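For reference, the structure discussed in these notes is given below.
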Amino acid sequence: MLNIAVLMGRLVADPELRQTPNGVSVTSFTLAVDRSYAKQGKERQADFIDIVTWRSTAEFACKYFRKGQLVAVQGSIQTRSYTDKDGNKRKAFEVVADHVHFAESKKDSSNNNTYPARGSADVEADDFEEMPDDGDLPF
């Protein structure tokens, strides 16, 4: 079977480190992941996906990740069932991340959580030079 999840999104809140009764480090956080499409005339929607990490990965995430930061995670989707406080049966879906990565440069993330718009770059129009088209393209 194949169960691989790879996501990139922004942290909704700072991750907080917890310990199991056996002393194992664990953290959970939520990523806001933009959908790859937007209906015409509407704003792009985002999905809020719960992520869980364990041991050294959890410690790394708590030490270096902050709210609003763009991060990438790789792991697998897991489900679990539980009964809520009102006695209703519920099912939770979450990504158990084996690997977490920075997804933006330190320069971008150190700007008080204000990030450039999607696809923008710090490039001026006059930084480019038009190349003559002789009709002989290499592809």
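The values are calculated or read from the model by the stated rules, or taken from the named source; none is laboratory data. Just so it is clear, the structure is predicted and the values come from calculations on it, not from any experiment. As a convention, Cβ positions derive from the backbone with ideal geometry for all residues, glycine included, and neighbour counts pool all protein chains shown.
Of the residues VAL12, VAL26, the single one that is under 19 Å from LEU70 (Cβ atoms), at pLDDT 95 or above and of a type in the set (Val, Ile, Thr) is VAL12.
Looking across the range 55-78, the residues that are surrounded by 12 or more Cβ atoms within 10 Å (Cβ to Cβ) and among the charged types (D, E, K, R) come down to GLU59, ARG66, LYS67.
Going residue by residue through the range 97-106, is there one that turns out to be farther than 18 Å from LEU11 by Cβ, at pLDDT below 95 and of a type outside the set (A, V, I, L, M, F, W, C)? Scanning the range 97-106, I find no residue that is farther than 18 Å from LEU11 by Cβ, at pLDDT below 95 and of a type outside the set (A, V, I, L, M, F, W, C), so the answer is no.
For the range 5-33, the set of residues classified as part of a loop (DSSP other than H, G, I, E, B) and over 15 Å from the mean Cα position of the chain (by Cα) consists of GLU16, LEU17, THR20, PRO21, ASN22, GLY23, VAL24, listed by residue number. Across the range 39-53, the number of residues qualifying as loosely packed, with under 11 Cβ neighbours inside 10 Å, assigned to a strand (DSSP E or B) and among the charged types (D, E, K, R) comes to 0.
Between SER36, SER81, the distinction of being surrounded by fewer than 11 Cβ atoms within 10 Å (Cβ to Cβ), in a loop (DSSP other than H, G, I, E, B) and hydroxyl-bearing (Ser, Thr, Tyr) belongs to SER36 only. Scanning the range 28-55 for residues that are of a type in the set (S, T, N, Q) and within 15 Å of GLN74 (Cα to Cα) yields a total of 3.
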